[in-house]
1. Cut-off under 29 Å on the C-alpha distance; same-chain residues fewer than 8 positions from Lys128 excluded. Which lysines are left, in chain and number order?
2. Name the shape class, rounded, prolate or oblate, that the alpha-carbon gyration tensor gives for the range 135-179, where a ≥ b ≥ c are the square roots of its eigenvalues, rounded holds for a/c under 1.5, and otherwise prolate holds if a/b is larger than b/c and oblate otherwise.
3. Using a Förster radius of 45 Å, what is the FRET efficiency between Leu9 and Leu84 based on their Cβ-Cβ separation? Nearest 0.05, please.
4. Which lysines, if any, have their Cα less than 19 Å from the Cα of Lys24, not counting same-chain residues under 8 positions apart?
5. For Ala69, what charge total do you get from the other residues with a beta carbon under 9 Å from its beta carbon, if Lys and Arg give +1 and Asp and Glu give -1?
6. Please list 226-232, 19-25, 61-67, 240-246 highest first by mean number of surrounding beta-carbon atoms within 10 Å per residue.
7. Between beta-carbons, use under 15 Å as the cut-off and find the net charge around Gln302, counting Lys and Arg +1, Asp and Glu -1.
8. Return one number: the angle in degrees, 0 to 90 and rounded to the nearest 10, between the long axis of the Cα atoms of helix 315-333 and the longest principal axis of the Cα atoms of the chain.
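Just so it is clear, none of the values below were taken in a lab; they were calculated from the coordinates. None of the values given here were measured: they were computed from a predicted structure. Ideal geometry is used to build each Cβ from the backbone, glycine not excepted, and the neighbour counts take in all protein chains shown.
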Amino acid sequence: MLAFDISPLDADLGLALQHRFDRKTKPLGSLGQLEKLAVQLGQIQQRLDPQINKPAMLVFAGDHGLAQAGVSPYPAEVTPQMVLNFLAGGAAISVLCRSNNMSLQVVNAGVNAEFAPHPLLIDRPVAKGTANSLNDPAMSREQALLAISTGARIVTEQVEAGSNVLGFGEMGIGNTSAAALIMARLTGEPIVACTGRGTGLDDAGLIRKIDVLQQVLARHESVHDPLDVLAAFGGFEIAMLTGAYLAAASQRVAIVVDGFIATSALLVASRIVPGVLDYCIFSHCSGENGHKLLLQHLGVQQPLLDLGLRLGEGSGAALALPLVRAAADLLNQMASFDEAGVSERGA
């Protein structure tokens, strides 16, 4: 069974970190979210001088049986093709990781393909894609637990290699549908509010997608436990992401959260251990319908960026990394009023 020990952040340390920032040569609070981010990093790492060590991106990939129902304009073959594109360095996340000095590895969580060994590939599939949730649960409870534990082990390996900031991305044709189903069932929101165009559905395609997802919800109307919801509707990449979040938080690693699908996995993780949210940095609000509402359910008022992205892959998380670095650098490198010989504001 699931056992993740996630410690609450130290409130007293948070006050000490904020006091340190308040002594810098600037008006109180004038660096806005960057100050909050630096304080959060310090609390996560349990130190007054938070560091960014070997930031890494893990992109989890998996195929979905529900794709057979026409919920995406792209064929399922695109999932393994994009995995190869990641490995070749040609995808958006490949470029963004290079641009931001972030390592990238791709996890085969459950793609319907065989891959040759590659230095960037972590090849640990649970199965070659999930079942079609129109007919059966996407995966068994045992498969969901295996995927969660596999995602957790992969994170532990990253931490043992020296990473203390991790971003998580995903790839899988049909996975916006899985994410919408998870969100609808766990939040109680209507499926229409949770469902977007994914990889670019037209109006007719969106109507068809919503109709299919309503059928899936009805097929599994008795399922409400978070793990069972994950098994009924999710993908192996979403399940591994769930374990990755929980393991990262339990090992006091800062988590940079990406878009809609990645956040749906976090929703599951937060229903298992709510404290995981304290370790999360929310990189952006996706252009995918439902993400803003999902962030609100998680108590997120203002993510770092809002660029209209709906790519996935961890792209928003990679773009936010420079802000994470900047927050730590500002806390550690800005002079205080005393150090700089600058007069403070009068009483």
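1. Of all the lysines, those that pass the test against Lys128 - Cα under 29 Å, at least 8 places apart if same chain - are Lys209.
2. oblate
3. Once the sixth-power term is evaluated, E becomes 0.65.
4. Lys36
5. Net charge around Ala69: +2.
6. Listed from highest to lowest mean packing, they are 240-246, 61-67, 226-232, 19-25.
7. The answer is 0.
8. Orientation of helix 315-333: about 20 degrees from the principal axis.
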